[in-house]
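Q: This structure is in structure tokens; I'll ask about it shortly.
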Amino acid sequence: MNATAAGSATSRLETLPPPDGPLAIRLVDVETALLGRPVLNGVTLDIPARRITVIVGLSGAGKSVILRHMIGLTRPDRGQVLVDGVDINLLSRKGLYALRDRWGVMFQTGALFESMTVFDNVAFPLREKTDLGEEEIRGKVERLLALVGLPGTGETYPDELSGGMVRRVALARAMVMDPEIIFFDEPTTGLDPIIRNSILRLVCDTWRENPFTMVMVSHDIPEVFNWCHHLVVVRAGKIAAAGPTASVLASEDPFVRQLLAGDSAGPIRLL
Amino acid sequence: MIESEAMEKFFERIGTYALRRIDLLGRTGLFLLGSIAQCFVPPYRPRRIVEQIHFVGVKSLFVIILTASFTGMVLAIQGFHTLRKFGAEGLLGSVVALSLIRELGPVLTALMVIGRAGSAMTAEIGILRIGGVIMALDSMAIEPRKYLVSPRLVGAVVSVPLLTLIFIVVGILGGGVVGVGLLGVNLGDYFGRMEESVEFADIAGGLWKSFAFAILIGWVCTWKGYNTQRGAKGVGSATTSAVVVSSVLVLVGDYILTSVLL
């Protein structure tokens, strides 16, 4: 275990509320195979409401697939994904969309419209989903762009921005509908350490300002330990450990210990 | 024993192939029906439809006028030399008009729209697919087919018949310029015989064809884009495939519709 990271995490977590309370999402015994290959094998997982949950694991372990199940983009072969006690896989498209209206999603690449300006990208859900006037939309979008550290960039296009700025725009878009839950699918992959940390800090600061439920798939070990409340470790389609960050960091499981410490010695053999 | 196993494998392959084709046909059919249904689901965004009419229709106008002019001119030259053998040069207007109204207008307009707008539809939707935007739309509770496919279908259905009419009119005028201006056909004969020989059923048939081709173009080109895979190369393949498949289907559809309408 990285002692510095663990120590830093403990000191920071003491300032945050304890990670207990109502559940936002519950996965019960979820099993999924993609192209005949099992990807999730009996995943049971609780996501606490109004807390930051980070899902970590090796590449191909099934982290993003878990996230997609939570959003309802992938349907499991078996098991349930419960939101407000309702299995979202039993919902009609209309019912699922009603649920997604309460969520925001930030994808790995940003998934912005390249043909639209930054302003139009962020305003897109408001224009499509609400009857707000242009003045109100302008006020809200400019406020959010300032919040993500991009004031005055509204008229630029995504291909004129750096990778980090694109992710910030995507974060602003994910927040524009005042969601109850925000999902992040590897929001910092491929970014340099400074921009990566600034994005992670932004996520953390955003939570402090508006304590949404946040679920993030990340490879940013050990940075995320500093501020996530809840940590989930995925191993080969199964949950290896899940719970409050401090308790997962204290896990005795050799796989979890090796992954979280980033050691080359241990049960994980990649080469 | 070995022969029967080989036969079994052979038929198994044929069966698998046939089942895949039927499955594909079913999925493409559901895609079209779902996209048409989304046209009637609120909220209605007329601006997006107008954008597509502008993209498919207005922006194709130049190429349609250019193609139509030269098609009409060539028809006039070919028709004149053929008709002269029978001393029937006066029928040139009828030949040009009927050829354009029944066949060349709808077919060439469709082929031009495929090349100019259909390929762009596929590429644009394909890039959105590989950029994760279609998934993002879905996750934002915005039905991707309603946002991306339905306006393009409506745009094509409105624009292609109008472009066909423009093609026919410009083609007839182009034929007139060559026939009357260069080959010496009487102006009154050119337009008078045309009026005598062209019936409403001919125009209606041409418009029915262009309407069918519009749906075909919208369907194939959006489907190919919507199901693009494997990055930039996939976008290229999808675009090529969309152009080839829709062009072939327009020609096959033309034969079927001509058989039915005549």
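The values are calculated or read from the model by the stated rules, or taken from the named source; none is laboratory data. These numbers come from a predicted model, not from an experiment. All Cβ positions, even for glycine, are placed from backbone atoms using ideal geometry, and neighbour counts span all protein chains on display.
Q: Take the stretch B:123-146 and flag every residue that is closer than 17 Å to A:Lys129 by Cα, facing chain A (nearest Cβ under 8 Å) and in contact (Cβ under 8 Å) with a residue 40 or more places away in the chain.
A: Listed by number, the list holds a single entry, B:Glu143.
Q: Could you grab me the full set of residues in the stretch A:66-78 that are more than 13 Å from chain B (Cβ to nearest Cβ) and under 16 Å from the mean Cα position of the chain (by Cα)?
A: A:Ile66
Q: Can you confirm whether A:Asn41 is without any contact (Cβ under 8 Å) to a residue 40 or more places away in the chain, more than 14 Å from every other protein chain (Cβ to nearest Cβ) and not small (Gly, Ala, Ser)?
A: It is false that A:Asn41 is without any contact (Cβ under 8 Å) to a residue 40 or more places away in the chain, more than 14 Å from every other protein chain (Cβ to nearest Cβ) and not small (Gly, Ala, Ser).
Q: Same structure, new question: So, in the stretch A:94-149, exactly how many residues are more than 13 Å from chain B (Cβ to nearest Cβ) and on the phi > 0 side of the Ramachandran plot?
A: Final tally of qualifying residues: 1.
Q: On to the next question. Counting only residues that are surrounded by 19 or more Cβ atoms within 10 Å (Cβ to Cβ) and either more than 30 Å from B:Leu207 (Cα to Cα) or β-branched (Val, Ile, Thr) (or both), how many does the stretch B:145-169 have?
A: 6
Q: Considering only helices (runs of 4 or more DSSP H) fully contained in the stretch A:161-261, which possess at least 3 residues that are under 13 Å from the mean Cα position of the chain (by Cα)?
A: Output list reads A:163-175, A:193-209.
Q: Another question, then. Of A:Glu155, A:Glu209, which residue is of a type outside the set (Ser, Thr, Tyr) and at pLDDT 85 or above?
A: A:Glu155
Q: Let me ask another. Any residue at all in the stretch B:85-99 that's surrounded by fewer than 24 Cβ atoms within 10 Å (Cβ to Cβ), of a type in the set (Asp, Glu), under 25 Å from the mean Cα position of the chain (by Cα) and more than 30 Å from A:Arg102 (Cβ to Cβ)?
A: The answer is no, given that none of the residues of the stretch B:85-99 is surrounded by fewer than 24 Cβ atoms within 10 Å (Cβ to Cβ), of a type in the set (Asp, Glu), under 25 Å from the mean Cα position of the chain (by Cα) and more than 30 Å from A:Arg102 (Cβ to Cβ).
Q: Sticking with this structure for a sec: Condition (residue is without any contact (Cβ under 8 Å) to a residue 40 or more places away in the chain, surrounded by fewer than 19 Cβ atoms within 10 Å (Cβ to Cβ) and either touching a helix residue (DSSP H, G or I) at 6+ places or on another chain (Cβ under 9 Å) or farther than 18 Å from B:Ala136 by Cβ (or both)) applied to the stretch A:121-129: is it met by at least one residue?
A: Yes.
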